[in-house]
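Below you'll find the structure, written out as structure tokens, and then a few comments.
The values are calculated or read from the model by the stated rules, or taken from the named source; none is laboratory data. Fair warning: this is a prediction, and the values are worked out from it, not measured in the lab. Cβ placement follows ideal geometry from the backbone for every residue including glycine, while neighbour counts extend to all protein chains displayed.
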Amino acid sequence: MREQFTAVMKEAMKAGDKRRLATVRMIQAALKDKDIEARGSGKTVSDDDILALLQKMVKSRQESADIYAKAGRSDLETQEREEIAIIGEFLPKQLGEDEVKAAIAAAISETGAASMKDMGKVVGVLRAKYAGRIDFAKASALVKSMLGG
């Protein structure tokens with residue numbers, strides 16, 4: 001993924017796309033912070049960690065865009081939404097609602113989950129198989145409803 005960030009940054013420089021360039025630089029700065037943090041604990045930053053970082057950045061910008069929209073600052077809202085789109089290019093394709101329901105049903109049958117006590121097992125299986133492709137806040141609510149909670 002790191003090579004992909006560098007390649008996109010070079011393309012943005014050549015094209016003169018300031019928004020894309022600034023956003024990719026912001027991603028790389030956040031990744032460098034993550035590397036420094038990991039170095040202190042003797043770990044390395046995996047692609048899954050990078051995906052989690054990107055998702056966190058998208059969520060943060062989504063919240064900011066909503067706040068700007070409520071405050072009537074369409075210029076800042078537009079900027080945040082453009083950054084979301086650029087960051088989203090590096091994320092795997094999100095599953096649709098029907099696909100998420102099918103994945104949950106498969107995870108429930110795989111774990112033999114029968115009640116709310118088994119919710120952790122189901123979510124664990126989903127995280128292992130679909131990391132970065134499912135919004136787990138929404139998925140947790142669906143798992144709860146499918147387990148009769």
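Checking the conditions here, which among 52, 114, 105 is aliphatic (A, V, I, L, M) and either surrounded by 16 or more Cβ atoms within 10 Å (Cβ to Cβ) or outside any helix (DSSP H, G or I) (or both)?
It is 114.
If the Cβ limit is 6 Å and pairs must be 6+ apart or interchain, which residue in region 103-124 that is closer than 10 Å to residue 143 by Cα and in the same structural domain as residue 135 (by TED's automatic domain parsing) pairs with which residue that is among the acidic types (Asp, Glu) and outside any helix (DSSP H, G or I)?
Once the first residue is closer than 10 Å to residue 143 by Cα and in the same structural domain as residue 135 (by TED's automatic domain parsing) and sits in region 103-124, no partner that is among the acidic types (Asp, Glu) and outside any helix (DSSP H, G or I) comes close enough.
When region 122-135 is examined, which residues are found to be of a type outside the set (Val, Ile, Thr), part of a helix (DSSP H, G or I) and surrounded by 15 or more Cβ atoms within 10 Å (Cβ to Cβ)?
Across region 122-135, the qualifying residues are 126, 127, 130.
Return the residue satisfying two criteria in turn: it lies in region 55-90 and is of a type in the set (Lys, Arg) and in a helix (DSSP H, G or I), and of such residues it is farthest from residue 5 (Cα to Cα).
70
Which of the residues that make up region 33-66 are more than 18 Å from the chain's Cα centre (by Cα) and either of a type in the set (A, V, I, L, M) or closer than 20 Å to residue 86 by Cβ (or both)?
Result: 36, 38.
Among 58, 24, which is the only one that is modelled with pLDDT of 85 or more, touching a Phe, Trp or Tyr at 6+ places or on another chain (Cβ under 8 Å) and surrounded by 14 or more Cβ atoms within 10 Å (Cβ to Cβ)?
24
Among the candidates 43, 93, single out the residue that is in a loop (DSSP other than H, G, I, E, B) and in contact (Cβ under 8 Å) with a residue 40 or more places away in the chain.
Going through 43, 93 in turn, the sole match is 93.
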